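*Asks:* Mind looking over this structure? Questions follow.
The values are calculated or read from the model by the stated rules, or taken from the named source; none is laboratory data. Given the structure is predicted, the values throughout are model-derived calculations rather than measurements. Every residue, glycine among them, receives a Cβ derived from its backbone with ideal geometry; neighbour counts consider all protein chains shown.
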């Protein structure tokens, strides 16, 4: 059995999919178990990239007592930990495994049998995949062929893809969704995801409202999505755009995957929804504020448009956003006009 320890947020977890897929190919007879944040594991179980999930904790992450109870009588052939937190290393140290793999660090010397330098010259999906390259000779060769300096990937290599839906599967999901909600199959369906775990990563409610109104007026169809924690944001938009279908807070992650698979386009922030769209190969307009693509968390898909306010000296202000703008202006988001989002969206909608 293989244990994969990834207790980061949803986006990071989804970016683990290429690694998990590669492990299934390399070890088809081994079960893959996943440890992740509370409530996130079912989507990967649903997508078939793992066989068992441990995420039913009292809090976001397991306590020492919960962890020991879970793994006291378990033993693994292989443990892989792409998460660099002290907690993840500590948890990995307590698990019995014949081989443990993680990124190089001082504490890692006491935990992992194999350590790799985290390759910051590549986006996060490739960084995680790099951890297991020694387990699959063909992967090692693939990495030798990649550019040695950081770049944005506009064409995702097939061997590193996180797309799990075929065109046939997307069509079937779309037909069912349109039927369930009595939508017009001849009109494009656009998902709007206005939320984010981090408030500073959220574009303005007014901006999302303008974009939703524009496409509704063009006789397109709009669905608003998000978690229960983001419901107030979605409701404020839906109140001003009553013809939009508001499913925010009404879909579990597994259901949200199907919603995005049914859509022609996603418009949203740098958030988990953006990465979930990549899983179902739905193009995305991604709005970046406090963060930048150079951090490595790009939309891992072939068709996306990035919207950001370049030239601001305050960008980036943190590696993952924050609760409040450090200088109190939030210009990185407020300066982005809805016309830019609309133009980028229409560019992607024109791709057949």
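*Asks:* Please count how many residues of segment 165-200 are in a loop (DSSP other than H, G, I, E, B), within 15 Å of residue 263 (Cα to Cα) and modelled with pLDDT under 95.
*Replies:* To start, the set of residues in segment 165-200 that are in a loop (DSSP other than H, G, I, E, B) comprises 165-166, 181-188, 194-198.
Cutting the leftovers down to within 15 Å of residue 263 (Cα to Cα) gives us 165-166, 181-188.
If we keep only those that are modelled with pLDDT under 95 as well, we get 165-166, 185-186.
Qualifying residue count, segment 165-200: 4.
*Asks:* What are the residues in segment 25-57 that are free of Cβ contacts under 8 Å to residues at least 12 places away in the same chain and within 26 Å of residue 226 (Cβ to Cβ), if any? Break it down stepwise before answering.
*Replies:* If we filter segment 25-57 for residues that are free of Cβ contacts under 8 Å to residues at least 12 places away in the same chain, which is where we start, we get 28-29, 45.
Passing the criteria: only 45.
*Asks:* Mind checking which residues of segment 76-108 are touching a residue at least 60 places away in the same chain (Cβ under 8 Å) and not in a helix (DSSP H, G or I)?
*Replies:* 76, 77, 78, 79, 80, 81, 82, 83, 85, 95, 97, listed by residue number.
*Asks:* For segment 105-118, which positions are more than 15 Å from residue 134 (Cα to Cα), surrounded by fewer than 15 Cβ atoms within 10 Å (Cβ to Cβ) and touching a strand residue (DSSP E or B) at 6+ places or on another chain (Cβ under 9 Å)? Write out each step before concluding.
*Replies:* Of segment 105-118, the ones more than 15 Å from residue 134 (Cα to Cα) are 105-111.
If we keep only those that are surrounded by fewer than 15 Cβ atoms within 10 Å (Cβ to Cβ) as well, we get 106-107, 109-110.
Selection gives 109 alone.
*Asks:* Then there is this: Of all residues being assigned to a loop (DSSP other than H, G, I, E, B) and in contact with a strand residue (DSSP E or B) (Cβ under 7 Å, 6 or more places away or on another chain) in segment 297-308, which is farthest from residue 285 (Cα to Cα)? Just the residue, please.
*Replies:* Quick first cut of segment 297-308, residues assigned to a loop (DSSP other than H, G, I, E, B) only: 297-303, 308.
When the remaining residues are screened for being in contact with a strand residue (DSSP E or B) (Cβ under 7 Å, 6 or more places away or on another chain), the result is 299, 301.
Values: 299: 9, 301: 11 Å.
Result: 301.
*Asks:* Further, regarding this structure: Which of the numbered conditions does residue 228 fail, given that it passes all the others? Conditions: (1) modelled with pLDDT of 95 or more; (2) surrounded by fewer than 20 Cβ atoms within 10 Å (Cβ to Cβ).
*Replies:* (1)
*Asks:* Also, I was wondering about something else. Taking the options 140, 134, name whichever one is part of a helix (DSSP H, G or I), touching a strand residue (DSSP E or B) at 6+ places or on another chain (Cβ under 9 Å) and outside the structural domain of residue 257 (by TED's automatic domain parsing). Break it down stepwise before answering.
*Replies:* Details: 140 fails: touching a strand residue (DSSP E or B) at 6+ places or on another chain (Cβ under 9 Å).
Result: 134 is the single residue among 140, 134 that is part of a helix (DSSP H, G or I), touching a strand residue (DSSP E or B) at 6+ places or on another chain (Cβ under 9 Å) and outside the structural domain of residue 257 (by TED's automatic domain parsing).
*Asks:* Only one of 152, 156 is in contact with a strand residue (DSSP E or B) (Cβ under 9 Å, 6 or more places away or on another chain), touching a residue at least 40 places away in the same chain (Cβ under 8 Å), under 24 Å from residue 279 (Cα atoms) and not in a strand (DSSP E or B); which?
*Replies:* Answer to the check: 152.
*Asks:* Among 289, 311, 322, which is the only one that is assigned to a loop (DSSP other than H, G, I, E, B), surrounded by fewer than 17 Cβ atoms within 10 Å (Cβ to Cβ) and touching a helix residue (DSSP H, G or I) at 6+ places or on another chain (Cβ under 6 Å)? Before the answer, list the steps.
*Replies:* Values: 289 fails: surrounded by fewer than 17 Cβ atoms within 10 Å (Cβ to Cβ); 311 fails: touching a helix residue (DSSP H, G or I) at 6+ places or on another chain (Cβ under 6 Å).
Just one listed residue meets the conditions, 322.
*Asks:* Going through segment 140-169 one residue at a time, which ones are over 29 Å from residue 291 (Cβ atoms) and surrounded by 15 or more Cβ atoms within 10 Å (Cβ to Cβ)?
*Replies:* Taking segment 140-169 as the starting set, the residues that turn out to be over 29 Å from residue 291 (Cβ atoms) are 140-141, 144, 166-169.
Correct list: empty.
*Asks:* Among the residues of segment 12-24, what is the count of those that are touching a strand residue (DSSP E or B) at 6+ places or on another chain (Cβ under 9 Å), touching a residue at least 40 places away in the same chain (Cβ under 8 Å) and within 18 Å of residue 165 (Cα to Cα)? Write out each step before concluding.
*Replies:* Initial filter on segment 12-24 (touching a strand residue (DSSP E or B) at 6+ places or on another chain (Cβ under 9 Å)): 13, 16, 19-20, 23-24.
Checking the rest, the ones that are also touching a residue at least 40 places away in the same chain (Cβ under 8 Å) come to 16, 19, 23.
Next, from what is left, pick out any that are within 18 Å of residue 165 (Cα to Cα): 16, 19.
Counting residues in segment 12-24 that are touching a strand residue (DSSP E or B) at 6+ places or on another chain (Cβ under 9 Å), touching a residue at least 40 places away in the same chain (Cβ under 8 Å) and within 18 Å of residue 165 (Cα to Cα) gives 2.
*Asks:* Another one. Select from segment 25-51 the residues that are part of a helix (DSSP H, G or I) and touching a strand residue (DSSP E or B) at 6+ places or on another chain (Cβ under 9 Å) and list them in ascending order. Break it down into steps so the answer makes sense when it comes.
*Replies:* Residues of segment 25-51 that are part of a helix (DSSP H, G or I), as a first pass: 25-26, 41-47.
Within segment 25-51, 41, 42, 44, 45 qualify.
*Asks:* Now a separate question. Looking only at segment 218-256, count how many residues are assigned to a helix (DSSP H, G or I), under 20 Å from residue 274 (Cβ atoms) and in contact (Cβ under 8 Å) with a residue 24 or more places away in the chain. Can you show your working first?
*Replies:* Here is the first cut: in segment 218-256, the residues assigned to a helix (DSSP H, G or I) are 228-240, 253-256.
The next check asks that each one be under 20 Å from residue 274 (Cβ atoms); those that pass are 228-231, 233-234, 237, 253-256.
Adding the requirement that they be in contact (Cβ under 8 Å) with a residue 24 or more places away in the chain leaves 229-230, 233-234, 237, 253-254, 256.
Counting residues in segment 218-256 that are assigned to a helix (DSSP H, G or I), under 20 Å from residue 274 (Cβ atoms) and in contact (Cβ under 8 Å) with a residue 24 or more places away in the chain gives 8.
*Asks:* Is one or more of the residues making up segment 308-315 without any contact (Cβ under 8 Å) to a residue 40 or more places away in the chain and under 15 Å from the mean Cα position of the chain (by Cα)? Walk me through it before giving the result.
*Replies:* Let us first name the residues in segment 308-315 that are without any contact (Cβ under 8 Å) to a residue 40 or more places away in the chain, namely 308-315.
From what's left, under 15 Å from the mean Cα position of the chain (by Cα): none.
Within segment 308-315, none of the residues are without any contact (Cβ under 8 Å) to a residue 40 or more places away in the chain and under 15 Å from the mean Cα position of the chain (by Cα).
*Asks:* Quick check, is residue 59 within 20 Å of residue 272 (Cα to Cα), touching a helix residue (DSSP H, G or I) at 6+ places or on another chain (Cβ under 8 Å) and surrounded by fewer than 20 Cβ atoms within 10 Å (Cβ to Cβ)?
*Replies:* Details: within 20 Å of residue 272 (Cα to Cα): yes; touching a helix residue (DSSP H, G or I) at 6+ places or on another chain (Cβ under 8 Å): no; surrounded by fewer than 20 Cβ atoms within 10 Å (Cβ to Cβ): yes.
Considered against the rule, which asks whether it is within 20 Å of residue 272 (Cα to Cα), touching a helix residue (DSSP H, G or I) at 6+ places or on another chain (Cβ under 8 Å) and surrounded by fewer than 20 Cβ atoms within 10 Å (Cβ to Cβ), residue 59 comes out as no.
*Asks:* Check whether at least one residue in segment 213-225 is surrounded by fewer than 20 Cβ atoms within 10 Å (Cβ to Cβ) and under 23 Å from the mean Cα position of the chain (by Cα), and report yes or no.
*Replies:* no
*Asks:* Which condition breaks for residue 162 when tested against (1) farther than 29 Å from residue 264 by Cβ; (2) modelled with pLDDT of 95 or more?
*Replies:* (1)
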